[in-house]
Amino acid sequence: MNVLQINSSARREASHSTRLANRIVQRLRDADPDATLTVRDLGLKPHPVLDESALGALFTPASQRTAEQSARVALDDALIAEIQAADVVVLGVPMYNFGVPAALKNWIDAIARAGVTFRYTEKGPEGLLKGKKVYVALTRGGKYRNTPSDTQVPYLKTVFGFLGLTDVSFVYAEGLAMGADAEELAISLAYEEIEAAVAA
Ligand SMILES: Cc1cc2nc3c(=O)[nH]c(=O)nc-3n(C[C@H](O)[C@H](O)[C@H](O)COP(=O)(O)O)c2cc1C
């Protein structure tokens, strides 16, 4: 089993979402000690934004790209190869201003590539990243689960589903900014959710 862990907090040691993602990976490896792990920390090493020069590089045929354009496309190719090789994807995702961190959005913009990770057929779009399990550890200062203010879950379900990633489990740690007791409770509940999600 190949596990790909994507961390998207801007924080390192202090990050709850990374800690929860680490925990999910740990439980997966407990069940399968031979599992390989690739960790991509988007806070530590941000992926570049999809700007005009990146779009220009992507839409230039490979044989006609400049060295700079080839290098830019290669950055995205590396992320695509990582997710193609993964059997399981584990993401740590903080809520930033009611959405996903820009660093995660840049990763999604890199892995969503027509003809490679999705394609259009006569019947509509088809996701090409099939047969993978996805776990998402969500962390929030407030509490938005199952409310219209939680734009993260519908967004991630939609974009992952579009790419063929339809088996997605979400675990939540909410109320992390609501005092030390609330924080501790949120983390212990999230650990319980992780046990249930990994056992399912
Ligand atoms: C820039 C920024 C924006 C945030 N926006 C929100 C928000 O919109 N809603 C919320 O509930 N918490 C918000 N928070 C709190 C974080 O979601 C919370 O601290 C979470 O634990 C951060 O994830 P991390 O521990 O992995 O770094 C924000 C935190 C930061 C730093």
Worksheet entry | Interchain or long-range residues, amide H under 5 Å from TYR135's placed H | VAL89, VAL90, LEU91, SER169
Practice prompt. Please find, in a Gaussian network model of the chain (springs between Cα atoms separated by less than 10 Å), the residue of ALA62, ALA114, ALA74 whose mean-square fluctuation is greatest.
Written response: ALA62
Fill in: Cα-based shape type of the chain, given that a ≥ b ≥ c are square roots of the gyration tensor eigenvalues and the cut on a/c is 1.5
prolate
Worksheet item: In segment 63-200, with Lys and Arg counted as +1 and Asp and Glu as -1 at Cβ, which of these residues, GLY92, ALA186, ASN106, has the Cα nearest the positive end of the dipole, that is, farthest along it?
Response: ASN106
Discussion item. On C-alpha positions alone, give me the angle between the axis of helix 180-199 and the longest principal axis of the chain, in degrees, nearest 10.
Written reply: 60 degrees
Practice prompt. Please work out the C-alpha center-to-center distance from segment 108-161 to segment 52-79 and express it in whole Å.
Written response: 24 Å
Worksheet entry | Range in the chain, longest, excluding exposed GluC sites (Glu not before Pro) [loop by DSSP; at most 13 other beta-carbon atoms within 10 Å] | 14-121
Fill in: Using alpha-carbon coordinates, inclination of helix 102-111 to the longest axis of the chain, degrees
50 degrees
Worksheet item: Relative to the longest principal Cα axis of the chain, at what angle does helix 67-85 sit, 0 to 90 degrees, rounded to 10?
Response: 50 degrees
Discussion item. If exposed means no more than 13 neighbouring beta carbons inside 10 Å and the site is in a DSSP loop, what's the longest run of the chain without any exposed chymotrypsin sites (Phe, Trp or Tyr not before Pro)?
Written reply: 99-200
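If I compute solvent accessible area with a 1.4 Å probe over the protein chains, what percent of it on the chain is carbon and sulfur? Provide the component values of the computation, followed by the final result.
Details: 5520 of 10220 Å².
Carbon and sulfur atoms account for 54 percent of the accessible area of the chain.
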Worksheet entry | Straight-distance crosslink candidates among lysines, where the alpha carbon sits under 22 Å from LYS132 and sequence neighbours closer than 8 are dropped | LYS105, LYS157
Discussion item. Within 14 Å, Cβ to Cβ, of GLU82, how many net charges do the neighbouring residues add up to if Lys/Arg are +1 and Asp/Glu are -1?
Written reply: 0
Discussion item. To the nearest 20 Debye, how big is the dipole of the chain about its Cα centre, given +1 on the beta carbon of each Lys and Arg and -1 on that of each Asp and Glu?
Written reply: 280 debye
Worksheet entry | Dipole axis of the chain (+1 Lys, Arg; -1 Asp, Glu on Cβ), positive-most option in ALA57, LEU163, THR117 | ALA57
Discussion item. Around ARG12, under 15 Å between beta carbons, what's the net of Lys plus Arg minus Asp minus Glu among the other residues?
Written reply: +2
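Taking 0.36 nm per intervening residue step and subtracting the Cα-Cα distance, what contour gain separates LEU185 from THR151 on full extension?
Working: separation 34, 0.36 × 34 = 12.24 nm, distance 2.35 nm.
Stretched fully, the LEU185-THR151 segment lengthens by 9.9 nm.
When ligands, DNA and RNA are left out and all protein chains stay put, how many square angstrom of accessible area per residue does the chain have with a 1.4 Å probe?
Details: 10220 Å² over 200 residues.
For the chain, the solvent-accessible area averages 51 Å² per residue.
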Discussion item. Net charge around ASP167, counting only other residues with Cβ within less than 10 Å of its Cβ (Lys, Arg = +1; Asp, Glu = -1)?
Written reply: +3
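Under 10 °C and 1.306 mPa s, how fast does segment 17-72 diffuse according to Stokes-Einstein, given a Kirkwood radius computed over C-alpha pairs? Answer in µm²/s, whole number.
Values: Rh = 14.4 Å.
Roughly 110 µm²/s, to the nearest whole number.
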Worksheet entry | Globularity ratio of segment 22-116, using Cα Rg and 2.2 N^0.38 Å | 1.26
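The values are calculated or read from the model by the stated rules, or taken from the named source; none is laboratory data. Computed from a predicted model, the values in this text were never measured in an experiment. Cβ atoms come from the backbone with ideal geometry, glycine included; neighbour counts cover every protein chain shown. These area figures cover heavy atoms from the full protein model, side chains too; ligands, DNA and RNA do not enter into them. Shrake-Rupley method; radii C 1.70, N 1.55, O 1.52, S 1.80 Å.
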